[in-house]
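Here's the structure, in structure tokens; my notes come after.
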């Protein structure tokens, strides 16, 4: 994920830097309706990377990675797309590699 | 199709469940490529590129878990425009669902039952038919916030096709 203001490219979040995980081959990104968090689908990691967002600056801070096969997570293999519910209570992911 | 519960304060996700092609009667999810949630929160729609289909789920508004409801598949009951589908969008009003069919160079239009979320096929807008251009390799579709226009990305046309809702006709193509 790359976040850049017109005069400031220092906001970038890159896989493997500063503890950021789950962004390999990032394919999709969504902002929660409350503006507090950003979610990215990392196709190459079969993972979703979670960031908290500072509204005034847009700056992101890595919070969490959920990944196929870790802590019981299933259905994220080669994740391609994600969406939040309007009430903010859920994240839904479509993963092309998720086969029985 | 994977469901996570979201902690609104921390943003952290907790795995809830996964719905997979061929398990517990779920179909239409082969190569699940895109997902959309209706604005009323009652349904989740996902497309399976290799299924040429839209899978319809009903959503539990208390915990967000899903129940498979139905599937709309290319070539069945008159459904068209879903071959190698790559994108799905629900209109903000919740009245329509649109899917981009890459290999049909098309946008498939469904009317949505706002009580059940069930879909009824309306039409397929196809490249080269009735003046439609810019839809070659139809790859992504989105709806304007006022529900009045549909925008579709034509991967192989290097274009965006613009449709006016209700008129069911192409207005312009931006390249």
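Where a number appears in this text, it was derived from the coordinates with a stated rule and is not lab data. Please read all numbers here as calculations on a predicted model, not as lab measurements. We place every Cβ from the backbone using ideal geometry, glycine too, and count neighbours over all the protein chains shown.
Below, the figures for the structure above:
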read-out: Sorted largest first, extent of region B:1-90 alpha carbons per principal axis (Å); value: 44, 26, 19
read-out: Partner chain coverage, peptide A:59-65 - average Cβ within 10 angstrom; value: 2
read-out: FRET efficiency estimate (nearest 0.05) - Cβ-Cβ, residue A:71 to residue B:146, R0 45 angstrom; value: 0.60
read-out: Two-decimal Rg to Rh for the protein assembly as shown - Kirkwood Rh, Cα set; value: 0.97
read-out: Rg/Rh (Cα only; Kirkwood hydrodynamic radius) as it applies to region B:124-167; value: 0.96
read-out: Over region A:16-79, volume per residue of the alpha carbon convex hull, in Å³; value: 86
read-out: Label-reachable residues, region B:52-68, where backbone N falls under 18 Å from a point 7 Å from residue B:14's Cα toward its Cβ; value: B:60-66
read-out: Largest to smallest principal axis extent of the C-alpha atoms in region A:43-84, angstrom; value: 35, 20, 19
read-out: At 1.567 mPa s and 4 °C, Stokes diffusion of region B:46-107 via Kirkwood alpha-carbon radius, µm² per second; value: 106
read-out: Compactness index (Cα Rg / 2.2 N^0.38 Å), chain B; value: 1.02
read-out: Where only alpha carbons of region B:79-175 are counted, the Rg and the Dmax (Å); value: 12.1, 39
